[in-house]
Amino acid sequence: MGQQISSVFVVVSIVVPVALFFIAPLMLRQSGASSQDIRRASPWLISALLLFGVAWYIPSPLVDGMATSWWTHFLGGGVFTAMLWQYLRRSLRLAISPWLELCVVFGLVSALGVSNELFELTVVKFGLVAMTLDDTAWDLAANSAGALIGHGVIVLLICARYRCTVK
């Protein structure tokens, strides 16, 4: 996508967070989460959605001389996913090992990243956006790095606060 932001992506940066704000709690209630747990976890969702929306407007560096969306994908894809996972985990009261959690976060960011790349392919092929698709590998790398680093920082901050150890 590079440094230019298409009107399609401006809409996405607003519509996706607003839709998730309303849809995610409904889906969690359908999955058995209590309203109280969902409310308690909501700061994670709100923070993730704000980050997703803002990440579209952060300039990204050239990578190998090519304009990329590195920070958009690192923050709005990867760190967003790590924060979204915390929202889901806390709402559903999931207690799993940190290593399994890391696998879940990686699987989630991979699924969301591939979905995003398919969306980009679709809007390009339908002529809604004029952009190259040459940075797909960098986008997926940025998503993965953001999720793994974001999750790691979240776990370390939580452990520092509650004096826990990661086994």
Pairs where the first residue, in the stretch 98-117, is without any contact (Cβ under 8 Å) to a residue 40 or more places away in the chain and of a type in the set (D, E, K, R) and the second is part of a helix (DSSP H, G or I) and surrounded by fewer than 17 Cβ atoms within 10 Å (Cβ to Cβ), C-beta under 8 Å, 6+ apart
E117/T136
For residues that are in a strand (DSSP E or B) and not small (G, A, S), scanning just the stretch 55-93, find the one that is surrounded by the most Cβ atoms within 10 Å (Cβ to Cβ).
V63
For residues that are among the β-branched types (V, I, T) and surrounded by 18 or more Cβ atoms within 10 Å (Cβ to Cβ), scanning just the stretch 94-115, find the one that is nearest to L156 (Cα to Cα).
V105
In the stretch 120-167, what residues are surrounded by 11 or more Cβ atoms within 10 Å (Cβ to Cβ), outside any helix (DSSP H, G or I) and out of contact with any helix residue (DSSP H, G or I) (no Cβ under 9 Å at 6 or more places or on another chain)?
D134
Residue within the stretch 7-28 that is modelled with pLDDT of 95 or more and either touching a strand residue (DSSP E or B) at 6+ places or on another chain (Cβ under 7 Å) or in a loop (DSSP other than H, G, I, E, B) (or both) present
no
What single numbered condition from (1) at pLDDT 95 or above; (2) in a helix (DSSP H, G or I); (3) crowded, with 16+ Cβ neighbours inside 10 Å fails to hold for Q36?
(3)
Inside the stretch 21-53, can you point out the residues that are under 30 Å from D134 (Cβ atoms) and touching a residue at least 40 places away in the same chain (Cβ under 8 Å)?
G53
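The values are calculated or read from the model by the stated rules, or taken from the named source; none is laboratory data. Computed from a predicted structure; not experimentally measured. No Cβ is skipped: glycine too gets one built from the backbone with ideal geometry, and neighbour counts run over all protein chains shown.
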